[in-house]
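In what follows, a structure is listed as structure tokens, so that the remarks can point back to it.
The values are calculated or read from the model by the stated rules, or taken from the named source; none is laboratory data. From a predicted model like this one, the values you see are computed outputs, not experimental measurements. Please note: Cβ atoms are built from the backbone with ideal geometry, for glycine as well, and neighbour counts cover all protein chains shown. These accessible areas exclude ligands, DNA and RNA; they are computed on the full protein's heavy atoms, side chains included. Shrake-Rupley method; radii C 1.70, N 1.55, O 1.52, S 1.80 Å.
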Amino acid sequence: MSSRSDLEVSSPPCYRRLIGVVGLLLLGACGGSEANPQASGPEALGVTRAALATTVTVDTASNAGPVNPFSWAVGAPDKYVGHWPGNAVLKQRISDAKVKLVRVGVTQWGLYNGQDVYPAHNTWNWATLDALLNTIWDAGAEPLIVVCGFPGGVNKTLNADKVILSADWAEYGTFMAGLVQRYNVDQALGASKRVRYFEMWNEATNEWDGKFASKADYNTFFTTVASAMRAKDATLKLIGPADSHSGDLDKGPAESWLSNAAKNLEANLDILSWHNYGPHASGTATDAQRMAWTPPNYRDDVIKVKNGGLNGVLTGPSGKKYGAAITEYNIAQGDFAAFNAKYHSEVNATWTASAIINAMKANIDIFSFYNLAEAGQNHLGLLNTTDFAPHKPYFTLFLFGNYTGDQKLTTTGGTANLEAFASRATATGRTYVTVVNKDTAGNAYDVTVSLAGSSSATGTVNVRTVNAATTANPTAYTTVPYAGSAFTYTVPPYHVVSFEVIPATGGSVLFQSGFESADIQPTWLDTMEASQNVTANTWATQVECSPRQESPHTGLAALMYSGKDTSATVSYANARVFDVNIPITAATKLSYWIHPQQDNARYVAVDFVCTDGSTLRDSGATDLNGFSMHAHAGHGGAIPLNTWTQVRSNVGQWLSGKTLDRILVSYDRPASTGDYRGYIDDIVITNGALP
């Protein structure tokens, strides 16, 4: 790492882990020069100071609303990075970090790479558009298309400063309506490959591919093009005006682009968007100023917008209040005369963690990091522009994507420099707490995490870290015990730490596996107990049922199943997975999550075989929605594709008194043929409350 010009962190102190309320002292690895060999700051290299004490209290029984994975969205590589569509490494980076939304300017990318996406009236370059969007969809995310720039098929006149003097917005509407028709109406690439989100232009007064002369001109563009798109698909989520900064949030429509949009575009506008980078006064901002930026700009501003603005300046004429999206953010912008290494270091990794925490606390709708990669010196890119190797801020997104639950928990405590966010994985009952130490003066914190309302006063904590020493995806962890519903852990400066809290199971949980390395592993892999008229999936060599590190519901792994139905009269495949010995009582319940990728894949279910030969599928059992637990019922036949759905059943109502011998995953759909593929994750059998 290059030496730094701003106030920086001293060499981090040795880890001191105080486990549980008994205060057991364990010596960890010393950070020292290995963790930050070129740090410069208020203390000499190797000098440590006493850690400051703080407490973070997590109400593990609370429900503060769903976690929105769009809180760690990203921008695609910029329009000058021409080699990213279809790139396998890039897709893997998006997938690994569980990024679910990627902002992409398809028109601009086409123009800058000689592949105009709409070269003439009623003429679309579908090959280019498909390649751009498939890269995102195939990575497990969905696109947010930025409607910006002029394809060859739309006449326009720009002056020397790129101000739009005239434009055929009706033709632009034809262009975009055709795009919506292909992906959303005709579903040319499949039912799951729809475009739901569109941002209507980018930085209307700054965009070099077309600046608007006035707010009225922008309104004409928005209304004309949005109406043409909505005529094809009324369910679209339209976003704007992508203002270049949030400084006018409190101003009225005559001065503010955001207020103008709120007051004049209510019929088609769903989410107000703006951009907000860290302080960038010609590179003179200190790291302390940058770290202080995140709460007011990514929490308070978002809350202000979602509440309708000061004195209602961001409220529609009918009283409508809008969603909030910051579609570009990063640590800073403006000191680009020479490359600033901290933008790729643990400094930006820490800053980004703080930004995401504050945005999630504000319930932001979309929070998009700028960007995956950019041409030139790649100041703000998460990835290298040539081989898409990750820089440290990428690991922060990976940490949030992989170790955040689906339900937010109420969290109190911490300090201005030690921030925390907590969530719960409803499928597993695990609590995740992410803390970030953004103290630029070199202070470590002894963080006591108090687990109020915990289902167990004892358990274990898996600890994962992003810091100066992180060079690969932070999947590795250290494990520490907790007792008395609390644990204490020392977090050095410029560290992002994720705590995965696993309560002791006690007697209520009978079986649990999310197919992670620390979980119970399948007894059998790709092993059929019985099958008829099912062969290998088109892309496989055998009927499959085994773990994969792809598209999990939680963690890193899920159980993938696949096959090919060859008969429209009789077809089933019952795959053995776990060999168990579990007594079933009237209180026994089952929960699991399923993620079908094709229509046939809906007709797959977790099944039981008991020691007397009886099965769950033939027991008459139903789920909590009243649908049969037999695979051929297809969970009611209407569960969505390419997303996770939870299945829960009070199985003890039908199987009480029996002993579960084997857990299967079964396919059964007699009246259909063709491939099926999907995932099962987070199986829980319990005599307690269902997750």
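Taking every protein chain into account, the 1.4 Å probe leaves LEU236 with about 0 Å² of accessible area, to the nearest ten.
For THR585 and GLU266, calculate 0.36 nm times their separation in residues minus their Cα-Cα distance, and state this gained length in nm to one decimal.
109.3 nm
About its Cα centre, the chain has a charge dipole of approximately 760 debye under the convention of +1 per Lys or Arg Cβ and -1 per Asp or Glu Cβ, with nothing else charged. Among the DSSP helices (H) of the chain, those spanning at least 20 angstrom by Cα along their long axis with an average Kyte-Doolittle hydropathy of -0.5 or more are 215-232, 346-361; this is a geometric and hydropathy rule only. Going by accessible surface with a 1.4 Å probe and the largest first, THR458, THR611 read THR611, THR458. Seen from a random direction on average, the alpha-carbon convex hull of segment 399-557 projects onto 12.3 square nanometres. For segment 566-619, the spread of Cα coordinates along the three principal axes comes to 37, 23, 20 Å, biggest extent given first.
Each label point is 7 Å from the Cα along the Cα-to-Cβ direction; what then is the distance between the points at ASN159 and ALA288, in nm? It works out to 4.5 nm between the two label points. In this model, which of LYS98/LYS263; LYS98/LYS392; LYS91/LYS342; LYS156/LYS232 are farther than 28 Å apart at the alpha-carbon? Listed pairs above 28 Å: LYS98/LYS263.
Taking all Cα pairs closer than 8 Å and separated by 6 or more residues, the relative contact order of segment 460-547 comes to 25 percent.
For the chain, the Stokes-Einstein estimate of translational diffusion at 20 °C and a viscosity of 1.002 mPa s comes to 80 µm²/s, using the Kirkwood hydrodynamic radius over alpha-carbon pairs. Here segment 615-660 is described by how far its Cα atoms reach on the three principal axes: 36, 17, 17 Å, from widest to narrowest.
Entry comment: accessible area of the chain is 35 Å² per residue, from protein heavy atoms only and a probe of 1.4 Å. When the residues LYS232, LYS392 are ordered by accessible surface, computed with a 1.4 Å probe over the protein chains alone, the sequence from largest down reads LYS232, LYS392. Once the C-beta distance of THR55 and TRP126 is scaled by a Förster radius of 51 Å, the resulting FRET efficiency is 0.35 to the nearest 0.05.
Checked against a 31 Å cut-off, the cross-linked pairs LYS193/LYS589; LYS304/LYS438; LYS100/LYS438 give Cα-Cα distances beyond that limit for LYS193/LYS589. For segment 485-624, what class follows from the C-alpha gyration tensor (a ≥ b ≥ c being the square roots of its eigenvalues): rounded when a/c is under 1.5, otherwise prolate if a/b is larger than b/c, else oblate? Verdict is oblate for segment 485-624. In units of the compact-protein estimate 2.2 N^0.38 Å, segment 587-691 shows a Cα radius of gyration of 1.02. Taking the DSSP beta bridges with both ends in the chain, the antiparallel portion is around 75 percent. Annotation for segment 256-281 versus segment 90-117: alpha-carbon center distance of 23 Å. Restricting attention to segment 490-560, which GluC sites (Glu not before Pro) occupy a DSSP loop and are surrounded by at most 15 other Cβ atoms within 10 Å? Within segment 490-560, the qualifying GluC sites (Glu not before Pro) (loop, at most 15 other Cβ atoms within 10 Å) are GLU550.
Taking all protein chains together, LYS321, LYS237 sort by accessible area into LYS321, LYS237, largest first [probe 1.4 Å].
Of the trypsin sites (Lys or Arg not before Pro) found in segment 56-163, the ones in coil according to DSSP and having at most 16 other Cβ atoms within 10 Å of their Cβ are LYS162. Classify segment 145-206 from the C-alpha gyration tensor, please: rounded if a/c falls under 1.5, else prolate or oblate depending on whether a/b exceeds b/c. Taking the square roots of the gyration eigenvalues as a ≥ b ≥ c, segment 145-206 is prolate. When the surface is traced with a 1.4 Å probe over the full set of protein chains, PHE339 keeps roughly 90 Å² accessible. Calculated on the Cα set of segment 170-237, radius of gyration then Dmax: 13.2, 40 Å.
Expressed as a whole percent, the accessible area of the chain that falls on carbon and sulfur atoms is 50 (1.4 Å probe).
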